[in-house]
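Everything on this sheet refers to the single structure shown next.
The values are calculated or read from the model by the stated rules, or taken from the named source; none is laboratory data. In this text the structure is predicted, and so the values were computed from the model without any measurement. Positions of Cβ are generated from backbone atoms using ideal geometry, with glycine treated the same way; all protein chains shown enter the neighbour counts. Note: accessible area is taken over every heavy atom of the protein model, side chains too, but ligands, DNA and RNA are not part of it. Shrake-Rupley method; radii C 1.70, N 1.55, O 1.52, S 1.80 Å.
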Amino acid sequence: MEVFNELNISKQWYALYTKPRHEVKAAIEMDACGIKYYLPMVTRVKQWSDRKKRVKEPLIRSYIFVRVSEQERVLALQLNSIIRCVSQRGIPAKIPENQMNNFIRFIQDGYEYHVLNSITKGVKVRIISGPMIGVEGVVIEEPEHKSIAVSIELLNRTIITRIKDEQILEVITEKPIEDFE
């Protein structure tokens, strides 16, 4: 039994980014390789012009979670459906065991939930397209919309602009910055 526990210590949770709409294909590929994964699915009602249909789809699109050793992580990255491992500063980001356990338990216990597919207040971001490409700032929330605040610390000045399309932002640090609350 102790050997089993020692082997499990070397396994970590990671989030892998998949090709668009390839989450289920990634799960099938991982099953074939014997890689342990977690892909939470939800049933939603989709409306077409002539009918409604119940469709099962991933709770978090374009991501699949794996609990693997380093060798298995590298193997998973070679699968056709996987683009990359989510990383921080170029290093694969490990998800703490307790966070994944809480996430899995929350979903399995049947609580009502929804996923925010937007960038939250206080997150540091970089603009990745458009005329302000490369500009970095912090997301702030105003009464009717979200904005990005860009500071020139040397001058003690901050410029705020409305975010029209959150797709043009890349998260730099997910930990909210308290200065703009």
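Among the residues of the stretch 55-67, none qualifies, meaning not one is over 23 Å from I82 (Cα atoms), at pLDDT below 90 and open to solvent by 70 Å² or more (accessible area, probe 1.4 Å).
Filtered by the rule that a residue be assigned to a loop (DSSP other than H, G, I, E, B) and aromatic (F, W, Y), the stretch 31-57 gives a lone residue, W48.
For R162, are the conditions met, namely being basic (K, R) and modelled with pLDDT under 65? Considered against the rule, which asks whether it is basic (K, R) and modelled with pLDDT under 65, R162 comes out as no.
Just for the stretch 68-101: of the residues that are assigned to a helix (DSSP H, G or I) and open to solvent by 100 Å² or more (accessible area, probe 1.4 Å), which one is modelled with the lowest pLDDT?
Once the filter is applied, the top-ranked residue is Q99.
Q71: among the polar types (S, T, N, Q) and in contact (Cβ under 8 Å) with a residue 60 or more places away in the chain, yes or no?
no
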